[in-house]
Every structure is written in C-alpha cells, then in structure tokens.
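Visitor: What follows is a single structure, and I will ask about it in a moment.
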Amino acid sequence: MYPTAGGLGAEQAATPEIQKICDEVKSEAEAKAGKKFGVFVAKSFSSQVVAGTNYFIKVHVGGDEYIHLRVFKTLPHDGGALKLHGVQTAKTHKEPISYF
C-alpha cells in the first residue's frame, strides 16, 4: 500500500526490500550514530512519496535498543540511489516511527 504523495504512510512490517535498504546504509548509519551494531534488523517502516521515496525505518540493533533511519531513494530514472538523511538513536520497540 502506497501513501498519498507527500503524506507519511501507515507503519507496516519490514519487507526483504526494506532490509536490503538497511544493509546498504548500515555503515553510514554506524558512522552517524558513532557506534558499530552487531545486530541490524529492520522491523517496520513507513514511507513518504515525494520526488522519490523517503523511508522511515525502525531497526533493531541489539538488546532492547532500536534506531530509526530516514533513507531517501531517488526515482528510477535518477538511478534509484539511496541516501541516509538521518538517524535517531536510543529508541524502543514501542516508539512509533514519525517524520524527522
């Protein structure tokens, strides 16, 4: 299910495609967070359609710790490149994903 253009879609369970996005930005996320993550498993996500797609992803990074990622994916005709725009650390499993 895709959200309307500009709106943040409902949170849904992570898919293999979302995990692949996380895998691709993991090292950059570690650099922004200032730590290495032994576990890096996408749990859920929301998306926002703009001139491309913003993905807001909840990632389990070990123990009771989660982080939220904001990843922008360009449109296919622009190469479909990924860019990590933000990382929020010290999140919990119950915290909802929101725009940041």
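The values are calculated or read from the model by the stated rules, or taken from the named source; none is laboratory data. Values in this document were obtained by computation on a predicted structure and should not be read as measured data. Cβ atoms come from the backbone with ideal geometry, glycine included; neighbour counts cover every protein chain shown.
Visitor: May I ask you to list pairs of residues, at least six apart or on different chains, whose Cβ atoms are under 8 Å apart, with the first in segment 77-93 being touching a residue at least 40 places away in the same chain (Cβ under 8 Å) and the second being part of a strand (DSSP E or B) and small (Gly, Ala, Ser)?
Guide: No pair meets every condition.
Visitor: Given the residues PHE40, PHE56, which is the only one that is at pLDDT 95 or above, among the aromatic types (Phe, Trp, Tyr) and more than 15 Å from GLU95 (Cβ to Cβ)?
Guide: Going through PHE40, PHE56 in turn, the sole match is PHE40.
Visitor: Consider GLY9 against the criteria (1) over 17 Å from VAL87 (Cβ atoms); (2) in contact with a helix residue (DSSP H, G or I) (Cβ under 6 Å, 6 or more places away or on another chain): it satisfies all of them except one. Which criterion is unmet?
Guide: With respect to (1) over 17 Å from VAL87 (Cβ atoms); (2) in contact with a helix residue (DSSP H, G or I) (Cβ under 6 Å, 6 or more places away or on another chain), GLY9 is out only on (2).
Visitor: Here's something else I'd like to know. Name the residues in segment 69-100 that are closer than 15 Å to LYS35 by Cβ and either in contact with a Gly (Cβ under 9 Å, 6 or more places away or on another chain) or of a type in the set (Ser, Thr, Tyr) (or both), would you?
Guide: LEU69, THR89
Visitor: Can you list residue pairs whose Cβ atoms sit under 7 Å apart, with the first residue in segment 59-74 being in a loop (DSSP other than H, G, I, E, B) and the second being of a type in the set (Ser, Thr, Tyr)? Count only pairs 6 or more apart in sequence or on different chains.
Guide: ASP64/THR92
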